[in-house]
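To start, the structure under review is shown below, and the notes come after it.
The values are calculated or read from the model by the stated rules, or taken from the named source; none is laboratory data. Since we're looking at a predicted model, the values are computed, not measured. Cβ atoms come from the backbone with ideal geometry, glycine included; neighbour counts cover every protein chain shown. When the accessible area is computed, the model is the full protein with side chains, heavy atoms only, and any ligands, DNA or RNA have been set aside. Shrake-Rupley method; radii C 1.70, N 1.55, O 1.52, S 1.80 Å.
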Amino acid sequence: ILDLLSDLQRSSGMAVLLITHDLNLVRRFADRVAVMEQGVLVEEGRVADVFRAPQHPYTQRLIASQPRRDVIEVEDMACGAAPVVTTHGLRVAYPTPLPGVRGWFKKGEFVAVHNAALQLLPGQTLGVVGESGSGKSTLAQAILGLLSYGGEVAVVGQAWQQPATRNTLANQALRRQVQVVF
């Protein structure tokens, strides 16, 4: 399936957002990598750069825990092209009940994604890695317009009309531009 996606990506210039905890898959398939820890995007950059010299302690621990493999560098197809996906200050929070009488009048919140900023160019693959519960799927759902969010998300240069889950004509047109492969 990944070989098919890779072929389609090369032939059509499509962008791929890969959500996984498999670092070896990211090394093989992605051009760029974003590392999430507890809902925070802690490091982002070219795969070769991040794997060669990880800056964040969490990224260092993740990479140290993986067996080494050789990685073939992929040429950047998107030189000067407009991004397919961009996020800036992306935040996704879920309401939680507050204990006692306070909970009758106010809700708390669990922040699943905090201040995520990324860019995905045509023909690129961005691998998002992190432990289970770190916010990878929530990030993807926000980018796909399946969850409401704070901050900015643009897909092919257009923002979701908030809440992103609304079925407006603009959101319907934008949904035709994105697709999920499980």
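Side notes on the structure shown:
- Selected residue (only one of Ala112, Ala140, Ala93 is modelled with pLDDT of 90 or more, in contact with an Asp or Glu (Cβ under 8 Å, 6 or more places away or on another chain), open to solvent by less than 70 Å² (accessible area, probe 1.4 Å) and among the aliphatic types (A, V, I, L, M)): Ala93
- Which listed residue is exposed (fewer than 13 other Cβ atoms within 10 Å of the Cβ) and more than 14 Å from the chain's Cα centre (by Cα), from Val101, Val156, Val180: Val101
- Residue list for the range 148-171, restricted to those being among the aliphatic types (A, V, I, L, M) and in contact (Cβ under 8 Å) with a residue 60 or more places away in the chain: Val153, Ala154, Val155, Val156
- Any chance Thr86 is at pLDDT 90 or above and either of a type in the set (Phe, Trp, Tyr) or surrounded by 18 or more Cβ atoms within 10 Å (Cβ to Cβ) (or both): yes
- Taken as a whole, the range 117-133 holds no residue that is in contact (Cβ under 8 Å) with a residue 12 or more places away in the chain, open to solvent by less than 50 Å² (accessible area, probe 1.4 Å), among the polar types (S, T, N, Q) and more than 18 Å from Leu25 (Cα to Cα).
- Arg175 meets the conditions (1) of a type outside the set (Ser, Thr, Tyr); (2) exposed (fewer than 15 other Cβ atoms within 10 Å of the Cβ); (3) over 14 Å from the mean Cα position of the chain (by Cα) in every case but one. The failed one is (2).
- Test: Gly151 is touching a strand residue (DSSP E or B) at 6+ places or on another chain (Cβ under 7 Å) and not acidic (Asp, Glu): yes
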